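The values are calculated or read from the model by the stated rules, or taken from the named source; none is laboratory data. Remember, predicted model here, so these are calculated numbers, not experimental data. Glycine also receives a Cβ, built like all others from the backbone with ideal geometry; neighbour counts cover every protein chain displayed. For accessibility, only protein heavy atoms count, side chains too; no ligands or nucleic acids. Shrake-Rupley method; radii C 1.70, N 1.55, O 1.52, S 1.80 Å.
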Amino acid sequence: YKRQPLATFLEDSGYYLGVPAILIGGYLCFVGGRFPGTTLFIFSTLAVSLIQLFMLFLFVIPNFSPVWTVPIVGIVCLGMGLGMGYGAAKWPKIGVMIMGFSLGSALGFMIYYAFMESSVNSTTAKFITINGVALFTALMYIILFDYMVIITSAIFGSYGLIRGITMYTGGYVNEFTLFIASQNGDIAEVTWVMYVYWALMVLMAFGSINA
């Protein structure tokens, strides 16, 4: 899986991706909740763009594609993401649903691999768990709009900020490689350094929410 063009691009381009990740992560983490319109625009744009990018390189674009295809596909995905970001800023319910679906997908992924994989190891169960949690969370976000914008900004902002720093400090395996490794049941990629980074993300998120 390390030969995937997207994984190679993420590993080789950290020096250039680190600064935007730190800036956007810092904004979301520390002031995102104060400017919901701007936050919904930024979050929705990035969420839609990155999900499309990952899905294309997972299921459509061949593994033997050259690395230079990544920024080209990324620009196209960003263009579509910007359209959704504009819609999220203009119609906030769209934005909070994207937020809720994004966080719910991450929660569903963690729930499946933490509690269900050993007993129910099937694609159908994984799909139902992740999407079920994601849809439930998206609906809850509409009900608890203000609180959810603050909480999600803090969570993803702390992730982006620490992730941007790791692009210079090292020790963090890129997300695409981690996802492929999890699909193959290989947890060797997760080192103790990554657990330290994850702990810092959690602490920073809690600090931001309670600030």
Measure off 7 Å from each Cα along the Cα-to-Cβ vector at Tyr16 and Phe54, then give the distance between these two points in nanometres to one decimal. 2.2 nm
CD proxy, 222 nm, the chain: helix-only mean residue ellipticity via -39,500 (n - 2.57) per DSSP H run with n ≥ 4, per residue, nearest 500, stands at -26500 deg cm²/dmol
Please check the chain for the longest run free of trypsin sites (Lys or Arg not before Pro) that are loop-located per DSSP (anything but H, G, I, E, B) and have at most 15 other Cβ atoms within 10 Å. 4-211
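How fast does the range 50-111 diffuse by Stokes-Einstein, in µm²/s, taking the Kirkwood radius from C-alpha pairs at 25 °C and 0.890 mPa s?
For these conditions, the coefficient is 185 µm²/s.
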Hey, of [x] 38, 19, 14; [y] 41, 20, 15; [z] 25, 21, 19, which did the structure itself give for semi-axes √(5λ) of the Cα gyration tensor in Å when calculated? [z]
The range 85-174: chymotrypsin sites (Phe, Trp or Tyr not before Pro) in DSSP loop, at most 15 other beta carbons within 10 Å: none
Can you compute the radius of gyration and Dmax for the range 99-143, using only the Cα atoms, both in Å? 10.6, 34
Which shape class applies to the range 3-92: rounded if a/c is under 1.5, otherwise prolate when a/b exceeds b/c and oblate if not, where a ≥ b ≥ c are the square roots of the Cα gyration tensor eigenvalues? oblate
First obtain the Kirkwood hydrodynamic radius of the range 76-179 from its Cα pairs, then insert it into the Stokes-Einstein equation at 37 °C and 0.692 mPa s, and state the resulting D in µm² per second as a whole number. 213 µm²/s
Taking all protein chains as present, what is the carbon and sulfur share of the accessible area of the range 40-135, in % to the nearest whole number, probe 1.4 Å? 79 percent
May I ask you to derive the FRET efficiency for Ile142 and Leu200 from their Cβ-Cβ distance with R0 = 25 Å, giving the value to the nearest 0.05? 0.20
